[in-house]
Each structure stands twice: as C-alpha cells, then as structure tokens.
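One structure below.
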Amino acid sequence: MINLLINDQKVSVQAGTTVLAAAKKLKINIPTLCNHDDLCVAGNCRVCIVEQKGARTLIASCATPASEGMDIHTNTLKVRNARKHIVELLLSEHRADCTKCYKNQNCELQSLANEFAFGDHIFLDLVEDHKYNIDRSSPSFIKDDSKCIRCQRCVRTCSELQYISAIAVSNKGAQMKISSFNNRPMSHVVCTNCGQCVNRCPTGALVEKTYIDQVWDAIYDPDKHVVVQTAPAVRVALGEDLGYDPGERVTGKMVNALRQLGFSSVLDTDFTADLTIMEEGTELLVRLKKALVDGDKKVSLPMFTSCSPGWIKFIEHKYPEFLPNLSTCKSPQQMFGVLAKTYYAKKRNIDPSKIVSVSIMPCTAKKFEADRPEMRASGFKDVDFVLTTRELAVMIKQAGLDFRNLEEAKYDSIMGDSTGAGVIFGATGGVMEAALRTAYEIVTGREVPFGNLNITPVRGMDGVKEATVKIEGCVDAWKFLEGAELKVAIAHGLVNANKIMKLVREGKAPYHFIEIMACPGGCIGGGGQPIPTNMQIRKNRMKAIYAEDEHMVLRKSHENPEVIAIYKEFLEKPNSHKSHELLHTHYIERDNY
Amino acid sequence: MENKGLNKVDLIFEKIEPKEVLIKAFKMSSAEIIQNILDSGLKGRGGAGFPTGLKWKYTAAEKSSEKYIVCNADEGEPGTFKDREILERVSDKVHGGMAIAGKAIGAKMGIVYLRGEYRYMLLKLMIELDSFHKMIKEIGYDFNIEYRMGSGAYICGEESALFESIEGKRGEPRNKPPYPTVSGVFDKPTSINNVETLVTAMMIIQHGAKNFTQYGTKDSRGSKVFSVSGDTPTPGIFELELGMSVQQFVNVFGDGDTKAVQVGGASGFCVPRKKFAETIIGFEGVPTGGSMMLFNSSRSMYNVLHNYLDFFTEESCGQCTPCRVGCQQLLKGVEKVKKGEAKPTYLNELMKLADSMKIAAKCGLGQSVGNAFKSIVGNFREEIIY
C-alpha cells in the first residue's frame, strides 16, 4: 500500500492508483474533462491539475500514479488560477452557442464553465480564426469541429473500444484537430456509426443526427398512420434522461408516453426479436444439418448474428470474406419495418404508402441501417425514421408530459406481444440465450437445462464469452445432432469482436454460433443511450433487462402468440420463401480504408 | 556568483583516437563509468540540464534484458546548430559516447534520432557508422546503432515525443512518470542523451572527471558548444567554458550595439542590456542548449517575440490545453495590443497566462513558452505596446 496526503488527509491506496482515484477515496472532488472511466489515461486537458509539494510544476492527477509520501493539495491559489485559465482557454476555442446546442445542460465543458469561468471572458475569441468544418454526411451523427475541445475521448473510444480509428488526431499546434482519414466525410470512411464517440463526447462536437422534427411532422400529418417500435434496451435506460437512476425500468410509462405523443400505434421491437429467433435459430439448425448430415463442405460456419448494424458494417469493412457466415436475417428493427408496411398494413387495412414507421433505438447505427438500400423489401423505405433513446426523451420533454406520474400502459396489437427472450436482446449474450432457449427445445423437445431458463454462462460483462451446450435426447427429426456439443461464443465491443474474428480467420475458432454486438455491454451500452455511460451504469441497465425478462409470463420466442399467428397467417414457416423475401438479406463488401 | 570569464576550450572537437578511449571504457565496469560521469558533474547539453551520471545510474539500475541508448539529434531549437557541426566533424565520438553509455547502462541497442533537415548527412554517417561497428566489434562491444529520421516536427525533440516518433506514432509527449529511465522507447528502460552530452561523456572517460571539473562553475561544470547567431560579426560554433557573464560574451561576440541576447533559443530567456553584467550563462543563471542570438538596436523586440510565438503556435503538438490554446492567445494577444485593439494592461493577463502555462502544460515545450514571453514582455514592454 502507498501512503500519501491529500489536502492534509491521510490516504492509503494500492500501487498504480492515480492521485485522482486516491482523492476520490477521500471524497475530494477534482474536476476532470478528458478523463473517462472506459478509456485509457490521456492527461491532455489539464483540468485536473493539482499541486504536489516539492514539484516544479503542477501535476495532472488523472495521469500521475500516487507515490509514497506525496503531499498533494487540490485547491491552492496556484491550482485555482491555472484551472480557471485552462477552462477559459477551452472556452475561447469552443463555439459556445449553448442555448442553441443539442447538448445544452448535458455538457461537461458547460458545467466546468459554470464553476470556474463565469462572468467576463478573460481571453480573446479564437473560433473566428479557424475554418471549422461541420460534417453532416453521416446519417447517424454530426461532427462539429467548432465545438471540439480536443480531449480525444472520441479518438480513444474509436481505437480502444471499437478497433476502428475512424477518427484520429491530425495536424499540430493551433491547427491540431480530430479528423477522418484524408479528411473525407464521415460517410465515406471506415466508420461503423456505432456512436460510442457520441456517448463520450463531453461537448456538442459529436451528437446524433436528430429526426425529431420529421417525426413530429409525421405525427401531425392527418394523412399518415405513424407506427412506432421500441427496442428492448430503450426501456431500461430512457428513465435516466427523465430523472430516474440508471437501471430503472420504465416500460409501461414509456408506452403511455408514446401514445400521448400521438403515435397511431405503439408496438414493440421485441416482437420481431422473437421472430428473429425463429428465423435465425432455424437457419442455424439448417446450416448444422447441411454440414453434419449432408456433408456439405461449403456451409459457412460458424454462423454470426446480424442484429447489430455497427457490427455489420465492421465485418463489411474488415472481414468481408466472412460475409457468408453472417446470418441472412435482417435485424429486428428492419424485420419490424418491413412487416409494418406489409403484414400490419394488410391486417389493419391501411394503405402502406400512408404508414410512417418510426423506431426508438438505443443506437445511432440504426439510422444508417434504415437508410441502407437493402432495407426496402416492402416496396417502401421499411423504417422511415430512427430516433435514439435520447431523442425520445427530448420529445417527451417537448410535449410537457409528466413522465413520472404517467400510468403504465400496454403495447398495442398486432406486433406488440413479446417474450422475455425478445427483451434480453438488449444485453450482450441475450440473442444467444434467446436462440438457445428455442433451438434446444426444437431439437430435444425439452427446455434448456439451466435453472429457470437463465443461461448464465452467456451473461455478464466479459468481453469474450464462450459456452458449450451438450445436445442429448433429440427428437426424431434432429437425431443427427444427438450427443453433439454446440459451441457458442459472444463478443461485445468491436475490439472484442475483432479478437474473435482473428481466431476465425486463423481457423482457430471452434464455434458453431457467434453473437456479436458492436457496443460495449450490447444495446444497453448503445451509442444512442443516455449520456453519461460507464461500466456501473451499463451493469445497472443489464440487471434491469434480466429483471424485465424474469417478469414476463412467456420467456421463449416460439411461445409468442403473435409470432405463432404471423407464421400461420402470413409467413407460413421460418425460412419460408416469403420470409426470405421480406426478412432476410445479404450484405456487401466495403473498402478497408 | 562564480565568474570564470570567457575562455575558449577544445574538447568536443579535439583530435583523439576513439578506439583507445573505447578500449579504456571497455575495461571499466559499468559502475566505474557511471562514477566517472557522476564525479564530473556533467549535465545534459540539450538544454534541460539533467545530471547525465544520474540518468545512467537510474537506467543501469533497471532490470530489463532490453535497454536503449537514444541519441537526441533532433536539433530543432531556433538558433541552435552545434549538433550538426558535431555530427559532421566527429561522428565517431557521438557513436563512441553511445557505446560507452550502452556499456554503462547495459544496453545493446543505440538509436540516433536525426533531425529531418539533416538527412543530407545520413549517407556519410552510415558509412562512418559501418566502420565504427567494425571497430567496436573488434574491441568486444556487443552494441549496435541505428538511425531514425525525424520529419521536421519541433516537438519530436521532446524525449517522450521522440520515442513515440521512433515507434512510428504521432509525435506527442507522454505522461510522466514513468520516466524514460524506467520506460522509454518501446517501453524499455532508456537513457536519452543529447549529441553533445555523449561526446562530452566520452571525453570525460578520455581525460578523467578531474580534468573536466577544472572547467566551469559549481553548478555548471565543464565547457559547452555555443551556436552564435544574430547581430554578430562572428556567427558560428564556439566551444566556451561555462560560467561567463552575458556581458563578457557580448564583449567578444557583439557588434557594439547589442540590445539583448536570447539565451537558449525560442524556449530560453531574453537578457536585456541592463542585465548583461549580472547574468551568468549556465544553470545558475540562464541555461542554454547552445543557442545564443544577439539583437542590436535595429531590431524590434515585438517582431522577435511575434516570431517565437508564431513558431510555438505552429510547433505545439496540440494535445494539451495550456500549450495549444495558450500559444494562440499569447500570439493573438500581443498582436491586438500592438494594433491598439486591446488595452496595454491586457499584457498583464497574458503574463499571468504565461505563468499558468509554465506550471500546467504537459511537457517542456508548453512549460517554456513563458520564458521568452515573460522575459521579452517584462523587459521590452514599451516595444510591444508602441
């Protein structure tokens, strides 16, 4: 243990602990900006400077390990003056149009300014001296360099968590900036649109592209029938933007709120999550049968999930030779979109051209996905507008709803029924667990051999998870799988996806089925979720997802009555011709630069 | 204060037989070499002045099978051109100093990081290096030197940014600790020394620590090579004993009308005429990596300052706030004051900012911008305003 003094208080910490963390232990707050719990130390904003007795300069507490006998003071005149200067300097290069800014009141620079730099500006405005670029090319997010304070959180996020490095530091000195490869527009570089950078940007330099106004316009258009779907992970995070603690479930209130906002029909992406399990589970079993019984050497195994549009773009750029291994299933959002303008339209007797399909997603990549040319199987754009969890919170505030006191409501029908299996899609490992619950039962006629259906080995926050399920007592149709060991793996965060993909490329991956989600923690940690994010917040949301599952009466996708009905009335059976037409697709190879 | 007067010395360029020194060093133990350097009181000649013996001692104490000697030949400080001369004339001594340092700390690898603008001498250096390698192999050294080219960024002369650059990354200073002696290039214990430091170390082994300590003062032992430029009839490279006053220097190198001397380049201090006599050139007074720029009364100190600030605004790596934004503010601030668009008293705010930059910037670059700013504005305020 290392003993040091901070503001004359003794504290003992383990070797390697930073001065910042040691201060936290004493409940001494040191302001930070470039520091983020999920990322490596940068030490470049210098906001967290403190005075160390005997040192020539101030030290950055986030980047300096505590050492024996240190005598630290966090609030001396020297520190205060320097810190005020630093915040003033940051403000002088930041286009502070706060009242018009999307991040107003959720901006870390603004909070620092409130504490350290109120009143007159000390320094000259530098924004006018630079030619700043506002990049609106991505369908998912806007990159506004005039608000960037060069903390490099986005750069670290993109390289450390996502293994993409779509953005990096370029130029030096006054011209130093965060830019894309060759300064190309963000729509034309290797970017997965995952939005993890947006989640970690302390200012308004990176924000999602909002479609709130377009959705309001649709709602108020008397000619339109506006259906809305809500992704599983939204219900466990939306509350955070409306004054709740992380991990509080607000499903019923959210449904009521959506109805009050004026959506014609409030439906659930969980329904198509269940449908995805039917289609994807069947696809996996068919591939296994082809490989094991028919001896077909061309079958692409392991099979990868295809729910996460960030992951899809990752494999398109980085591992295109494995595109055939992707499940051909569209994501639940897109399955929902296409069915809304076909099945739903037919059943409700509505002209599909009059339907506006909106989805509420924990995700920014979904905005890109909805725009993909592949996603027009209904004859229309299957999903018209994608809003993030954050945007929904904005709409609820705009409408003046007293969210906390709203009655709990239930989803509409049709396409509003779901099971616990659909809900857990929102957490890493959830698709795998849902698939296993159904596939195992199809093959053996029995429930998965895990207590209360909880397949714990696939749960949790480990970056890469593996599990083996021994298949015994198969029903006649699946006798060829008797005794087989189904090996599965799960990765979340693209840096972990890359680890698995490297094994696959080297032929060292013994798996049959791999679930990959682009974002850390899965959709609960998605790029469209409330800001801030950190491991504890994601864990709380994850807990809430599994609690939601436990509270469902039905917890296996194949038991969803509306899923059973849609196969009877419309799709015939999983992987039918009609299913393939509407619910399946293929992706394309993209350049890796 | 100790004053040794202005004395020319011939140590760095002295004709010696490098092989003999290397044989002598080869017979010494690591501890003996380090003790010699410690006894000599040699401080780094790049400008920062860290005791070389201590640096070697710390690096030698690290337990690692892989250690590095890095020679910092990224001579980028405005007004410094002595390392170029040393490399052109006595590269054997540079390489020799590295081999001796390698022996002292237990490194088998040496890397010379050569300033991008010095690429023209690379071919000659490689040829000289080949015969050097042959020679030390004969003696029994297990040591190899490689050259890495810089690309023109001033910041890459900062030791940790230099490591990043060698590793193929963007040249940005690292957080310290860990210091290079613990984790330097490729995260291995590294002793990084200036070109001149390595040559001086070799000469200390040649002549002994005692011979070296007769030169200079208590705080600034020995002699060093000065790069003299500006308003002087005799610009060029001069090896002088440390411990002279600026006045004594100006008496020899000035043109009779010297108004100020910028000691230590853009990151150094400006000494005005009225302080020539009381200012000693050395670590007890104004330290320098060698750059001595003389300005006579025809020069506008505003232009001098503007030039330096322009330089720093461009050459800051841009990662830390005090340096990236602070440099821009200082530059724009003096421009506004000069134009009358800001009050003269705004300079007071800028002086305070310079103070903050000195203590809050991440690396030596940002920390030393305030030196030139404060000494020029402090001594020539009227020239900045009017």
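Here is how the numbers come out for the structure above:
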| item | result |
| --- | --- |
| Average partner coverage of B:166-177, which counts Cβ from other chains inside 10 Å | 3 |
| ³J(HN,Hα), Karplus 6.51/-1.76/1.60, whole Hz, each residue of the stretch A:114-130, x for Gly, Pro | 4, 7, 10, 9, 6, x, 5, 6, 6, 9, 7, 6, 9, 4, 5, 7, 10 |
| Stokes-Einstein translational diffusion, the stretch A:233-340 - Kirkwood Rh over all Cα pairs, 0.692 mPa s, 37 °C, in µm²/s | 199 µm²/s |
| Packing rank of A:533-540, A:128-135, where each peptide gets the mean count of other beta carbons within 10 Å, highest leading | A:533-540, A:128-135 |
| The stretch B:223-296 - Rg (one decimal) and Dmax (whole number), Cα, Å | 10.5, 28 |
| Computed helical MRE - 222 nm, chain A, DSSP H runs ≥ 4 contributing -39500 (n - 2.57), nearest 500 | -9000 deg cm²/dmol |
| Quarter of Cα convex hull surface for the stretch A:330-475, i.e. mean projection, nm² | 12.3 nm² |
| Cβ-based exposure ranking for B:Lys63, A:Lys346, in which fewest neighbours within 10 Å come first | B:Lys63, A:Lys346 |
| For chain B, alpha-carbon Rg relative to the globular expectation (2.2 N^0.38 Å, N residues) | 0.99 |
| For the stretch B:256-325 versus the stretch A:337-376, the gap between their alpha-carbon centres in whole angstrom | 66 Å |
| Gap separating the Cα centres of the stretch A:434-482 and the stretch A:213-269, nearest whole Å | 34 Å |
| Peptides ranked, highest mean first, by Cβ atoms within 10 Å: ranges A:429-441, B:31-43 | A:429-441, B:31-43 |
| Rg over Rh [alpha-carbon atoms, Kirkwood Rh] for the stretch B:190-263 | 1.04 |
| Kirkwood-Stokes translational diffusion coefficient of the stretch B:121-252, alpha-carbon pairs, 4 °C, 1.567 mPa s, µm²/s | 71 µm²/s |
| Radius of gyration and Dmax over the Cα atoms of the stretch B:18-213, both given in Å | 15.2, 43 |
| Cα principal axis extents for the stretch B:1-132, largest first, Å | 45, 37, 28 |
| Shielding of B:90-96 by partner chains, average beta-carbon count, 10 Å | 0 |
| Degrees separating the helix A:309-318 axis from the principal Cα axis of chain A, which is the longest one | 80 degrees |
| Shielding by partners - mean other protein chain Cβ count within 10 Å, residues of B:358-365 | 6 |
| Rounded D (µm²/s) - the stretch B:301-385, Kirkwood Rh over Cα pairs, Stokes-Einstein at 20 °C, 1.002 mPa s | 173 µm²/s |
| Footprinting exposure proxy for A:Phe480, A:Phe118, B:Phe312 (fewest neighbouring C-beta atoms within 10 Å first) | A:Phe118, A:Phe480, B:Phe312 |
| Relative counts (whole %) of C-alpha pair distances in the stretch A:166-320, using bins that are 10 Å wide | 8, 21, 28, 25, 14, 3, 0 |
| Unit Cα scatterers, Debye sum, the stretch A:2-75: log10 I(q)/I(0) for q = 0.18 Å⁻¹ | -0.61 |
| Cα pair distances exceeding 28 angstrom across the stretch B:211-353, given as percent | 29 percent |
| Number of Lys pairs (Cα under 20 Å; 8 or more positions apart or on different chains) in the stretch B:301-385 | 15 |
| Angstrom value of the Kirkwood radius, inverse mean 1/r, which spans all Cα pairs in the protein assembly as shown | 31.7 Å |
| Over chain B, relative contact order from alpha-carbon pairs under 8 Å, at least 6 apart, % | 19 percent |
| Under 10 Å, Cβ to Cβ, from A:Leu406 - net charge with Lys/Arg +1 and Asp/Glu -1 | 0 |
| Ranked by how many other beta carbons lie within 10 Å on average, peptides A:205-213, A:262-270 from highest | A:262-270, A:205-213 |
| Packing-based exposure ordering (other Cβ within 10 Å, fewest first) of B:Lys67, A:Lys10 | A:Lys10, B:Lys67 |
| Compactness index (Cα Rg / 2.2 N^0.38 Å), the stretch A:120-208 | 1.08 |
| Rounded tilt (10° steps) of B:30-40 against the dominant C-alpha axis of chain B | 40 degrees |
| Radius 15 Å from Cβ of A:Glu160, net charge of other residues (Lys, Arg +1; Asp, Glu -1) | +3 |
| Cα-based equivalent ellipsoid, the stretch A:37-139: semi-axes from gyration tensor eigenvalues, Å | 30, 18, 13 |
| Net charge, A:Leu89 excluded, C-beta distance under 13 Å - Lys, Arg +1, Asp, Glu -1 | +3 |
| Anisotropy class of the stretch A:449-520 from Cα gyration tensor, a/c 1.5 cut | oblate |
| Helix A:77-92 vs. chain A, principal-axis angle (Cα, 0 to 90°, nearest 10) | 50 degrees |
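Here, each number is a calculation from the coordinates, and none is a lab measurement. Computed from a prediction, not measured in an experiment: that's the story for all the values here. Positions of Cβ are generated from backbone atoms using ideal geometry, with glycine treated the same way; all protein chains shown enter the neighbour counts.
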